[in-house]
Amino acid sequence: MSTGGFKNRVFSGAQPSGNMHLGNYLGAFRNWVLLQEEYECLYCVVDMHAITQWQDPADLAASTREAAAAYIASGVDPKVSILYNQSQVAAHAELAWIFNCVARLGWLNRMTQFKDKAGKNSEQVSTGLFVYPNLMAADILLYKATHVPVGEDQKQHLELTRDIAQKFNHDFECDIFPDVQPIIQGEGTRIMSLRDGLKKMSKSDPSHYSRINLNDDTDTLMKKIRKAKTDAELLPATAKELAGRPEAQNLVSIFAALAGQTSDQVCTSFEGKGFGDFKKALTEIIVDKVAPITEEMLKLQADPSYIDEILRFGAERARAIAEPILNEVKQVVGYIR
């Protein structure tokens, strides 16, 4: 099955767990801004996903507003794209339950992110953490989204979404859901920790020096780049020669993504130079790109009622799309309405 006959529509979202960082911007937000020029886009603050692990209620509310502020400050236009928080659209939960009854246990057992997050305590984590890929599928298919921007670590979940869509269509002999296509992002989509080039940059890393937060001031940004882990070797002529040097590779990738260049072009520019010189140039470009986002985020967060109004408006628009689709699903399933 193809997306033929379905409207070109993008769905994407991020969890509001605080400390939106450079990895979120380069791996998602920046690309969302470009996509809103070509597709109908829904950008969601996925606060329902956030509570699969315990959240302080006040912190969750603040983090939800921070995430929305980060989206807008990065260039998402809430008058063009639909920007809302997930919990304001109850249809997400309703469709997720139907998908809980469509997805197979074996499919969920293969989800590597659950294994990573649960670790050795899989018997102690919430059931929500186990079935949240079904909710993710509901997030996408609730709007009959045809495209989802994904990084390497999300491909497995998108495949599950496609499996659920195909099984639902097959089981109920219908053609409700599209075959969702990935939008593979370019240079810098997977930004790694500044302290460990083998780990993805993450909000949950206990070291504040592992990431560039979008609300870091200039002095903090400069300090974090100075302390970023590197190696003693000089920069090579090509990106291929960075193999086996994960920290060096990561910093070059960050520079390339912010400069709109390839990693090869960055290596050519800095060939034979050490990381002292390179970090100075990297700091300049990070400050140039991030400081305006930080300034706009702080301005938005100073008026939480304004953010709340944007989210309510977006939720109304999202419900207008979601409710007819959910009603169609309920009819196919056999619910009496």
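Every number in this text was worked out from the coordinates using simple rules, so none of it is lab data. For clarity, every value in this text was computed on a predicted model and none was experimentally measured. Counting neighbours? That spans all protein chains shown, and the Cβs are built from the backbone with ideal geometry, glycine included.
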- In degrees, nearest 10, the alpha-carbon axis of helix 246-259 is tilted away from the dominant principal axis of the alpha carbons of the chain by 80 degrees
- In debye, nearest 20, what is the charge dipole magnitude of the chain about its Cα centre with +1 on Lys and Arg Cβ and -1 on Asp and Glu Cβ, if you could check? 580 debye
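So if R0 is 35 Å, what FRET efficiency would Ala302 and Asp56 give, r being the distance between their Cβ atoms, rounded to the nearest 0.05?
0.95
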- Item | Matching label, Cα extents along the principal axes in Å computed from the structure shown, candidates [x] 58, 51, 44; [y] 70, 43, 43; [z] 73, 48, 36 | [y]
- Residue among Ser12, Leu298, Phe278 farthest towards the positive dipole end of the chain, charges placed on Cβ: Phe278
- Task: Run the numbers on the chain and let me know its relative contact order in percent, using alpha-carbon pairs under 8 Å that are six or more apart.
- Result: 23 percent
- Task: State to the nearest 20 debye the size of the charge dipole of the range 215-298 about its Cα centre, where the only charges are +1 on K and R beta carbons and -1 on D and E beta carbons.
- Result: 260 debye
- Message: What does the extension gain come out to for Ser207 and Arg226, with contour length at 0.36 nm per residue minus their alpha carbon separation?
- Response: 5.4 nm
- Please build a GNM for the chain, connecting alpha carbons under 10 Å apart, and tell me which residue among Pro304, Pro16, Pro149 fluctuates the most. Pro304
- Intensity falloff of the range 1-65 expressed as log10 I(q)/I(0), Debye formula with alpha-carbon point scatterers, at q = 0.24, 0.29 Å⁻¹: -1.03, -1.22
- Message: Show me the ranking of peptides 137-145, 87-95 by mean Cβ neighbours inside 10 Å, starting with the highest.
- Response: 137-145, 87-95
- Under the Karplus relation 6.51 cos²θ - 1.76 cosθ + 1.60, θ = phi - 60°, what is the ordered set of whole-Hz ³J(HN,Hα) values for the range 76-83, x standing for Gly and Pro? 5, 9, x, 8, 9, 7, 9, 10
- Query: Whole-Hz Karplus ³J(HN,Hα) for the range 272-284, in order, using 6.51 cos²θ - 1.76 cosθ + 1.60 and θ = phi - 60°, x for Gly and Pro?
  - Reply: x, 9, x, 7, x, 5, 5, 5, 5, 5, 5, 4, 4
- Message: For the range 215-298, compute Rg over Rh where Rg is the Cα radius of gyration and Rh is the Kirkwood radius from the inverse mean 1/r over Cα pairs.
- Response: 0.99
- Find the relative contact order for the range 215-298 and round it to a whole percent, using C-alpha pairs within less than 8 Å whose residues are 6+ positions apart. 42 percent
- Rounded Å value of the spacing that divides the Cα centres of the range 1-72 and the range 210-289: 26 Å
- To the nearest 500 deg cm²/dmol, what mean residue ellipticity at 222 nm is calculated for the chain from DSSP H runs of n ≥ 4 alone, each contributing -39,500 (n - 2.57), summed and divided by the residues? -16000 deg cm²/dmol
- Query: Using alpha carbons only, how many degrees (0 to 90, rounded to 10) separate the axis of helix 91-100 from the longest principal axis of the chain?
  - Reply: 80 degrees
- Task: Mind computing the radius of gyration and Dmax over the alpha-carbon atoms of the range 52-157? Å is fine for both.
- Result: 15.4, 45
- Message: What are the ³J(HN,Hα) couplings of the range 18-27, residue after residue, when phi is run through the Karplus curve with 6.51, -1.76, 1.60 and θ = phi - 60°? Round to Hz, x for glycine and proline.
- Response: x, 6, 4, 10, 4, x, 5, 5, 6, x
- XL table Lys79/Lys167; Lys224/Lys299; Lys229/Lys299; Cα-Cα > 29 Å flagged, in table order, is Lys79/Lys167; Lys229/Lys299
- Task: Would you mind working out the magnitude of the charge dipole of the range 142-251 relative to its Cα centre, with +1 at each Lys and Arg C-beta and -1 at each Asp and Glu C-beta, to the nearest 20 Debye?
- Result: 540 debye
